[in-house]
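Before I ask anything, let me first share the structure, which is written out below as structure tokens.
All of the numbers you see were taken from the coordinates with simple rules; none came from a lab. Being a predicted model, the structure only gives us computed values, none of them experimental. Here the Cβ is made from the backbone with ideal geometry for all residues, glycine too, and neighbour counts use every protein chain on show.
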Amino acid sequence: MDFRTASEADDTVVARHYLSIWESYGTPREHFYEDAEARVVAFLRQGRESWKSGVFLAIEDGRAVGSAACQIQIAPYAEVIKPAHRQFGYIWSVYVDPAFRQRGIARQLVERCVAHLRSIGCTKAVLHSSDAGEQLYTSLGFERAKEMRLPL
């Protein structure tokens, strides 16, 4: 298994992986925008330009079997603390093809994301976990955090 940083040429593969995650949650295809893949590709490109993103691939026999992305987290509120003291990074789209799971691939992808976030000055890494990923993330030192939600 090889791991490498993804380039723009890999963005469609990463986009397909991201959409596969939503499908695995049971999201009906009709809930997606018609141009969902193009939207993800545009987001990845904007991330490289604006949010110091890092995107990583796991390659087996020339095929991308896993991917993960990370970037500076953009706060939905006014930031009042200097980035040197509070600069969150966000890890998203951690995906491994079902045939390649339970081999440590997700762990290596997340470790690359954490290293990237450290290298760009992030003080904390944040992610949202599926039930299946929770054990991996806690074993890497992530802590459970409260998030309150209200269906509207």
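Would you please name the residue that is surrounded by the fewest Cβ atoms within 10 Å (Cβ to Cβ), looking only at residues in region 110-152 that are among the hydroxyl-bearing types (S, T, Y) and under 22 Å from W22 (Cβ atoms)?
S130
Can you pull out the strands (runs of 3 or more DSSP E) entirely within region 1-108 that have at least 2 residues that are touching a strand residue (DSSP E or B) at 6+ places or on another chain (Cβ under 6 Å) and among the hydrophobic types (A, V, I, L, M, F, W, C)?
54-60, 63-72, 88-96
With the checklist (1) touching a Cys at 6+ places or on another chain (Cβ under 7 Å); (2) closer than 21 Å to Q135 by Cα; (3) not aliphatic (A, V, I, L, M) in hand, flag the one item F88 doesn't pass.
(2)
How many residues are touching a Ser or Thr at 6+ places or on another chain (Cβ under 8 Å) and not small (G, A, S) if we restrict to region 26-48?
3
Right, here's the next one. Looking only at region 103-130, count every residue that is of a type in the set (K, R), closer than 23 Å to P83 by Cβ and touching a helix residue (DSSP H, G or I) at 6+ places or on another chain (Cβ under 7 Å) and tell me the total.
Number of matching residues: 0.
Anything in region 131-149 that is in contact with a helix residue (DSSP H, G or I) (Cβ under 8 Å, 6 or more places away or on another chain), part of a loop (DSSP other than H, G, I, E, B) and not hydrophobic (A, V, I, L, M, F, W, C)? List them, or say none.
G133, R144 - these are the residues of region 131-149 that are in contact with a helix residue (DSSP H, G or I) (Cβ under 8 Å, 6 or more places away or on another chain), part of a loop (DSSP other than H, G, I, E, B) and not hydrophobic (A, V, I, L, M, F, W, C).
Just need a number here: residues in region 78-106 that are surrounded by 10 or more Cβ atoms within 10 Å (Cβ to Cβ) and among the small types (G, A, S).
Final tally of qualifying residues: 4.
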